[in-house]
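The values are calculated or read from the model by the stated rules, or taken from the named source; none is laboratory data. Small disclaimer: the values here were computed from a predicted structure and weren't measured. Backbone-built Cβ (ideal geometry, glycine too); neighbour counts: all protein chains shown. The protein model used for the area step is the full one, side chains on, heavy atoms only, and it has no ligands, DNA or RNA in it. Shrake-Rupley method; radii C 1.70, N 1.55, O 1.52, S 1.80 Å.
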Amino acid sequence: MAVVDYGAGNLVSIAQALTAAGAQVVLARRPEGFAGVDAVVVPGVGAAGPAMARLRRHRLDVPLLAWTAAGRPLLGICLGLQLLFEGSDEDGAATLGVLPGRTVRLADAPRLPHIGWNQVERRRAHPLFAGIGQGADFYFVHSFAAAPPPEADGLVLAETAHGGRFVSAVARGALAGVQFHPERSGRDGLRLLANFVALAGAAGAGHTGAGDQAEPGPPMAAG
Amino acid sequence: MLRVRIIPCLDVARGRVVKGTRFVDLTDEGDPPELAERYAAEGADEIVFLDIDAAPDGRATLLDVVQRTARRVFVPLTVGGGVRSVAEMRDVLRAGADKVSFNTAAVREPDLIRRCARRFGSQAVVVAIDARRRAGPADPGAGWEVVVKGGREPTGLDAIAWAARAVGAGAGELLVTSIDRDGTGEGFDTLLLRAISDRVPVPVIASGGAAGPGDFVAAVRDGGASAVLAASIFHRRRHAIGDVKAAMAAAGIPVRAAAGSVG
């Protein structure tokens, strides 16, 4: 499993939590870092504009787009989720545009940033949340959240209330994103990461390894 | 609904958790990662390490402690004490901390808040404000003065004005300690907390003076705090985190269940 390292901060805790959840983790600092992995995790904290600039400088934006276009497993966390959408109202930055909609400031929030543990209310079942209670608490720290348009409502996996309601998890095919920090959300957070590792392993078992080359070989180990 | 956080604070020196009075007569209280893990298991919503090490190699020791903790404790970790530059903050975050708390360094150089927030995001920048009442209860309108160096050095700054300025510079949270109440067990200074939480849009963490679960309730209900930090009340096992959360829940304050929160 590759954690995309574009100098955006909290990847240490994500790498450590993924390791605790059973993954073998490599840090992808260059496009070649995606070779031979089953899944990609995009972390990130802070603002979208500088993050996109760093992704481009490290030449990681194009391989990320190719990865999602191929329908391979990816988990975006916090800003890493927001970057999957088309753009951010935070600084007007254009982002990857894999998913429809923009990132907007939380509406009617009593206090911002939204920092702390809050309930993640699922709209539909998904293996990412297997074994995790409905309305379980996860740790958030952000002021903005992705807002898919009504016609893309099917993306929405879960919502959370802080003043108004916002989208706290999305999924489409092998692509998933969470606005909270599973790597800092105790037992349920580790469970979610382990679920993602298992999903990636299952997808990897049907896949043949790096890229789309049909090389015969054993299934990749989970992560 | 957003939960009110309970945050145990651990003083760290020479790679160990220590306890003392005004940084003297330090006694060894244990291994930081081990204690952090225990608190996380008991339901701590976040952990704060306060670095009080004055030794020349103290920084390297602290980074090692942070690294060992982040490997086994999966709740947010904040490190405060002695961080004076963007590079030092980067090192602490790379070791596995989620946030850095600035106190004296922010007062001396407010632009440090702006630079660190720009580089790492406001959510990673906590400004700690130690405040002392300017006058006794006879004159509640006199306000509070910012003090540094554990309360030994007055700065002349008004605490409420400084709070607003720190947030304007990019602080994502404020950790507000009443130096008058710290270590006294007389309860939090809820007037100070209320004055600051009404003035700024960011979360305010209450600190200084907790003796019992009722004080935590007051910090939230009367002071408007989003989180409550305490040290000795937890270390000396006078009250478990679960007791505090139970009292808060009974008072109608939303808290995260302590069970199922093993870090």
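Checking each residue in the stretch A:55-67 for being more than 15 Å from A:Arg29 (Cβ to Cβ), surrounded by fewer than 21 Cβ atoms within 10 Å (Cβ to Cβ) and touching a Leu at 6+ places or on another chain (Cβ under 7 Å) picks out only A:Leu65. For the stretch A:148-164, which residues satisfy the criterion of being within 17 Å of A:Pro113 (Cβ to Cβ) and not β-branched (Val, Ile, Thr)? Residues satisfying the conditions are A:Ala161, A:His162, A:Gly163, A:Gly164. For the stretch B:124-158, enumerate the residues that are touching a Lys or Arg at 6+ places or on another chain (Cβ under 9 Å), within 14 Å of another protein chain (Cβ to nearest Cβ) and modelled with pLDDT of 95 or more. Within the stretch B:124-158, B:Val125, B:Val126 meet the criteria. Screening B:Val228 with (1) in contact with a helix residue (DSSP H, G or I) (Cβ under 7 Å, 6 or more places away or on another chain); (2) farther than 15 Å from B:Ile241 by Cβ; (3) of a type in the set (A, V, I, L, M, F, W, C) gives one miss only, at (2).
Across the stretch A:56-90, which residue is nearest to A:Leu175 (Cα to Cα) among those that are among the small types (Gly, Ala, Ser) and part of a strand (DSSP E or B)?
First, the residues of the stretch A:56-90 that are among the small types (Gly, Ala, Ser): A:66, A:69-71, A:76, A:80, A:87-88.
Remaining after also requiring part of a strand (DSSP E or B): A:76, A:87-88.
Values: A:Gly76: 8, A:Gly87: 18, A:Ser88: 19 Å.
Checked the stretch A:56-90; the qualifying residue nearest to A:Leu175 (Cα to Cα) is A:Gly76.
Are any of the residues in the stretch A:150-158 open to solvent by 10 Å² or more (accessible area, probe 1.4 Å), closer than 18 Å to A:Leu79 by Cα and out of contact with any strand residue (DSSP E or B) (no Cβ under 8 Å at 6 or more places or on another chain)? Checking the stretch A:150-158: not a single residue is open to solvent by 10 Å² or more (accessible area, probe 1.4 Å), closer than 18 Å to A:Leu79 by Cα and out of contact with any strand residue (DSSP E or B) (no Cβ under 8 Å at 6 or more places or on another chain). Scanning the stretch A:110-128 for residues that are more than 8 Å from chain B (Cβ to nearest Cβ) and under 16 Å from A:Val167 (Cα atoms) yields A:Val120, A:Glu121, A:Arg122, A:Arg123, A:Arg124, A:Ala125, A:His126, A:Leu128. A:Arg165 - would you say it is at pLDDT 95 or above, open to solvent by 30 Å² or more (accessible area, probe 1.4 Å) and more than 25 Å from B:Ala227 (Cα to Cα)? No. Summed over the stretch A:10-33, the residues that are outside any helix (DSSP H, G or I) and open to solvent by 30 Å² or more (accessible area, probe 1.4 Å) give a count of 7.
Taken together, the criteria exclude B:Pro213 from residues that are more than 17 Å from the chain's Cα centre (by Cα) and within 14 Å of another protein chain (Cβ to nearest Cβ). Within the bounds of the stretch B:69-88, is there any residue that is open to solvent by 40 Å² or more (accessible area, probe 1.4 Å), under 23 Å from A:Ala17 (Cβ atoms), out of contact with any strand residue (DSSP E or B) (no Cβ under 8 Å at 6 or more places or on another chain) and of a type outside the set (Lys, Arg)? No, every residue in the stretch B:69-88 fails to be open to solvent by 40 Å² or more (accessible area, probe 1.4 Å), under 23 Å from A:Ala17 (Cβ atoms), out of contact with any strand residue (DSSP E or B) (no Cβ under 8 Å at 6 or more places or on another chain) and of a type outside the set (Lys, Arg). Listed by first and then second residue, the pairs with beta-carbon distance under 6 Å, at least 6 apart or on different chains, first residue in the stretch A:40-56 and within 9 Å of another protein chain (Cβ to nearest Cβ), second among the acidic types (Asp, Glu) and surrounded by 17 or more Cβ atoms within 10 Å (Cβ to Cβ), are A:Ala47/A:Glu90.
Evaluate the stretch A:91-100: report whether one residue or more is among the polar types (S, T, N, Q), within 13 Å of chain B (Cβ to nearest Cβ) and either part of a strand (DSSP E or B) or surrounded by fewer than 24 Cβ atoms within 10 Å (Cβ to Cβ) (or both). Within the stretch A:91-100 (the criterion being among the polar types (S, T, N, Q), within 13 Å of chain B (Cβ to nearest Cβ) and either part of a strand (DSSP E or B) or surrounded by fewer than 24 Cβ atoms within 10 Å (Cβ to Cβ) (or both)), the answer is no, since none of the residues qualifies. Before we move on, is A:Val104 over 20 Å from B:Val75 (Cα atoms), at pLDDT 95 or above and not in a loop (DSSP other than H, G, I, E, B)? In short, yes. Restricted to the stretch B:22-123, the set of strands (runs of 3 or more DSSP E) holding at least 2 residues that are away from chain A (no Cβ under 11 Å) and closer than 27 Å to B:Ala166 by Cβ comprises B:47-51, B:77-80, B:99-102.
B:Val107 meets all of the listed conditions (1) open to solvent by less than 40 Å² (accessible area, probe 1.4 Å); (2) in contact with a helix residue (DSSP H, G or I) (Cβ under 6 Å, 6 or more places away or on another chain) but one, namely (2).
Taking into account only those residues within the stretch A:129-146 that are away from every other protein chain (no Cβ under 13 Å) and open to solvent by 40 Å² or more (accessible area, probe 1.4 Å), which is farthest from A:Gly80 (Cα to Cα)?
Of the stretch A:129-146, the ones away from every other protein chain (no Cβ under 13 Å) are A:129-130, A:134, A:145-146.
In the following step, the residues that additionally are open to solvent by 40 Å² or more (accessible area, probe 1.4 Å) were identified as A:130, A:134.
On the way: A:Ala130: 22, A:Gln134: 24 Å.
Checked the stretch A:129-146; the qualifying residue farthest from A:Gly80 (Cα to Cα) is A:Gln134.
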